[in-house]
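Presented below is the structure to which this report refers.
Coordinate-derived values only; no laboratory data. Since this is a predicted model, take the numbers as computed values, not measurements. A quick note on method: Cβ atoms are made from the backbone with ideal geometry, for glycine too, and the neighbour counts reach across all protein chains shown.
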Amino acid sequence: MSFIARISQRSPWLYRINAGSCNGCDVELATTACIPRYDVERLGCQYCGSPKHADIVLITGPLTLRVKDKVLRLYEEIPDPKVTVAVGICPISGGVFRNSYAVAGAIDRYLPVDVNVPGCPPRPQAIIEGIAKAIDVWRERL
Amino acid sequence: MSAPMSDLFSLLFAILVFPGGLFALCFGLVLKGLDRRLAARLQRRVGPPLLQPLFDLVKLARKRTLVPDIACKPLFLAAPMAGCVSMALAAALIPIPGVYDPDPLLGDLLVVLYLLAVPAVALMIAGSASGSSYGAIGFSREMALMLAYEGPLLMVLATVAVKTGLAQGGFVTFSLSEIVRYQQEHGAYLADPWMWPAVLAFLAFFPANLGIAPFDIPEAESEVLEGPLLEYSGPPLGLFKVMSALKAVVVLSLGVVLFFPTAPDGAAGLLVHLLKLAVLSLAGVTVLRTAIGRMRIDQAVLFYLKWPEALAIAGLAAVLALA
């Protein structure tokens, strides 16, 4: 692997999409994964406000019908190469909301998911491990 | 024929390699790395590696560039370049005490003042050319903030120019080399209590100019999703990062040159200069941004129109009264 490729993989920027989550996983992402004890910045990660700056997408929540189109559009707006991480059980299977009339279904029917981090909500260590695995996937695509 | 050619080469070298362009960029990136590292330590985190800003730049260079359909494409892509070029030029204009003396051909304090406004204008153009409504909000906030902080800056520069000019028998001196030379002979302005209002006004000015908390209002990612930078991706976004790294070096070294340029000659002088920049950036930027949250735009504008403006006027009045 060239030197350039080696150093560019050390800067994965994270973007969060809430696809109708109950906020449990978002709290885990926003606070637990960011507080001093579980610092993800040491991996070079940085939460960014714009999807156009992102490399790794963290999706939480069952895909509800209301946000489906918006989530798909946001996903399109993220420049390649990108990696998708489904955080929590909801984007993977629908979780406790799976039979709801308002849920469009598992997220991997609509967009490619690279890493699943199940849990309700997942532990911070699991989220960080998911991000580390996503970085490995991202490395292949760079 | 050969003399003007070598002049041209030395000018280009000053703008592109040292102390502008490459050198300022490398040091600016190290400053950003130090800043992020210290901020992490203050929050009792581990923090990113020191070269993280460089990794970010390399990564951005390898990402795809997206241009929105409704954007004005030439302006959208030209804005970051204009910002970078202006800052490389400004870095070549500012002397490094004991090491580098800018060619008078390049310009003086007035040119620095104009060049310092270019990055803010580039951000405004970027925000409005992107066609995004968040970009437009960022544009209006950037403009309000700029109108608020340009006043104190102007007054501070005038204070130093008038003080040096009066001391040398004229009225004003706009040459930065003269300002450095005078202070090296007669002691730094920082040691003179009558200059402290101007120093304080300058210290208040640079967080807003560098877009750092509590004045990162135009690019607030949690409110306006990074405002003008929202639609940028890949290399153009990287150019904006380059611009802000260069700007940090330019603004900090302008502060050092105006108020505290005493340094030995040669390599030691360069080392002392860089050390001063690092201390100023860590003490004035990192601690501040870790300690306090973001202001609202109306609070920030009012703040600048009240305190730094008053301090800057007081500083100028003191210099004129004492003459």
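Data overview
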read-out	value
Averaged over B:38-47, number of beta-carbon atoms from partner chains that fall within 10 Å	3
Net length gained if the chain between B:S140 and B:A267 were fully extended (0.36 nm per residue, minus Cα distance)	41.3 nm
Spin-label zone in region B:223-254 - amide nitrogen under 16 Å from a point set 7 Å from the Cα of B:W307 along the C-beta vector	none
MRE, 222 nm, helices only [DSSP H, n ≥ 4, -39500 (n - 2.57), over the protein assembly as shown, to nearest 500]	-19500 deg cm²/dmol
Neighbour-limited loop hits for chymotrypsin sites (Phe, Trp or Tyr not before Pro), region B:90-181 (at most 13 other Cβ within 10 Å; DSSP other than H, G, I, E, B)	B:F171
Distance between region B:141-184 and region B:274-311 - C-alpha centres, whole angstrom	19 Å
Folded to 0 to 90 degrees: helix B:196-210 orientation relative to chain B principal axis, Cα	20 degrees
Net length gained if the chain between B:L22 and B:R62 were fully extended (0.36 nm per residue, minus Cα distance)	12.4 nm
DSSP-defined antiparallel bridges as percent of all bridges, the protein assembly as shown, nearest 5	15 percent
Separation of alpha-carbon centers, region B:56-86 and region A:1-80, rounded to whole Å	22 Å
Footprinting exposure proxy for B:E185, B:E150 (fewest neighbouring C-beta atoms within 10 Å first)	B:E185, B:E150
Simple Cβ-charge dipole of region A:1-67, Lys/Arg +1 and Asp/Glu -1, about Cα centre, in debye nearest 20	160 debye
Potential lengthening between B:L8 and B:L190 on full extension [0.36 nm per residue; Cα-Cα distance subtracted]	62.0 nm
Ranked B:H186, A:H53, criterion: other C-beta atoms within 10 Å, fewest first	B:H186, A:H53
With at most 13 neighbouring Cβ atoms within 10 Å, loop trypsin sites (Lys or Arg not before Pro) (DSSP) excluded, longest segment of chain B	B:65-295
FRET efficiency for A:I4 and A:C120, using Cβ-Cβ distance with R0 set to 25 Å, rounded to 0.05	0.05
Efficiency of FRET from Cβ geometry, A:R141 and B:L110, R₀ 60 Å, rounded to 0.05	0.75
The protein assembly as shown, dipole about Cα centre (Lys/Arg Cβ +1, Asp/Glu Cβ -1), debye to the nearest 20	1420 debye
Cβ neighbours within 10 Å from other chains - mean over A:37-43	5
Charge dipole magnitude, Cβ of K and R +1, D and E -1 - region B:3-119, Cα centre, debye nearest 20	1040 debye
Proxy reagent accessibility, fewest Cβ within 10 Å first, across B:L154, B:L106, B:L93	B:L154, B:L106, B:L93
Number of partner chain Cβ atoms within 10 Å, mean per residue of B:24-34	0
Cα long-axis angle, helix B:234-259 against chain B (0 to 90 degrees, to the nearest 10)	20 degrees
Options A:Y15, A:V27, A:L63, ranked by Cα towards positive dipole end of region A:1-64, top entry (Cβ charges)	A:Y15
Helix A:65-77 vs. chain A, principal-axis angle (Cα, 0 to 90°, nearest 10)	20 degrees
